[in-house]
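Participant: Let me begin by handing over the structure; questions about it come next.
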Amino acid sequence: MNHTAPPHSTAPHPTRPTVRPRTFTQLLSATRRGARLARLLGTGQLRAWDMPPALTERAEVVIAELAANAVLHGRVHGRCFRLTLVFEQVSGLVRVEVSDARGDVWPQIVTGADDATALRPGGRGLALVAALADEWDCVPFPPSGKTVRAVFRTAESGTAPAGATTGGRPLVGRTTADGHAETAGAAARQTR
């Protein structure tokens with residue numbers, strides 16, 4: 001049997017230029033100084049990427065809150081936390097990720113105190129994250145930690161990201177069209 005091989009072309013294949021996302025990652029000590037440095041480094045990087053000032057200001061508050069949570073609630077003696085910023089130019093999304101070593105403690109939005117007049121020293125930070133970020137969620141960070149992520153859309157990107165339930169996990173919280181924070185439970189009740 002005679003088989004002829006397909007002709008071999010040496011001409012380059014036409015390809016679309018690929019635009020890789022810009023990424024910034026830094027390990028920081030799980031201390032108050034590390035949390036402050038995370039805010040300063042993150043804000044500086046967003047400015048270096050020429051992000052809009054309004055987005056940079058919102059992201060700065062979210063970075064500060066997530067870094068403080070990593071230090072206060074995600075600290076394991078001798079372990080650092082990680083700040084990661086990702087700018088996906090094609091989709092116009094900026095993602096802020098803070099990873100810590102405590103995978104057994106997951107973030108929850110405090111919806112109200114048992115006593116409405118009681119003043120609580122904390123617990124409202126994730127409500128602030130939900131109000132400032134377009135979306136946020138929490139995913140495992142192997143081997144035993146977690147990553148809290150917040151997504152911001154630049155002015156050029158008017159569409160929702162392709163994976164609103166990243167990795168098949170439901171979104172923990174999001175900001176509704178009218179600017180109010182919504183937890184996954186509230187979203188599920190609305191869709192029923």
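The values are calculated or read from the model by the stated rules, or taken from the named source; none is laboratory data. Computed from a prediction, not measured in an experiment: that's the story for all the values here. Note that each Cβ is placed from the backbone with ideal geometry, even for glycine, and that neighbours are counted across all protein chains shown.
Participant: Being surrounded by 19 or more Cβ atoms within 10 Å (Cβ to Cβ) and touching a strand residue (DSSP E or B) at 6+ places or on another chain (Cβ under 9 Å): is that true of residue 94 here?
Facilitator: Judged against the criteria, residue 94 is a match.
Participant: Another one. Name, by its number, the condition in (1) buried (at least 18 other Cβ atoms within 10 Å of the Cβ); (2) of a type outside the set (D, E, K, R); (3) modelled with pLDDT under 90 that does not hold for residue 105.
Facilitator: Of everything listed in (1) buried (at least 18 other Cβ atoms within 10 Å of the Cβ); (2) of a type outside the set (D, E, K, R); (3) modelled with pLDDT under 90, residue 105 misses just condition (1).
Participant: Here is a follow-up. Filter the range 63-91 down to the residues that are surrounded by fewer than 21 Cβ atoms within 10 Å (Cβ to Cβ), under 20 Å from residue 27 (Cα atoms) and of a type outside the set (Lys, Arg) and list them by number. Reasoning before the result, please.
Facilitator: To start, the set of residues in the range 63-91 that are surrounded by fewer than 21 Cβ atoms within 10 Å (Cβ to Cβ) comprises 64, 68, 72-73, 75-80, 82, 84, 86-91.
Pick out the ones that are also under 20 Å from residue 27 (Cα atoms) and you get 64, 68, 72-73, 75-80, 82, 84, 86-87.
Hits for the range 63-91 are 64, 68, 72, 73, 76, 77, 78, 80, 84, 86, 87.
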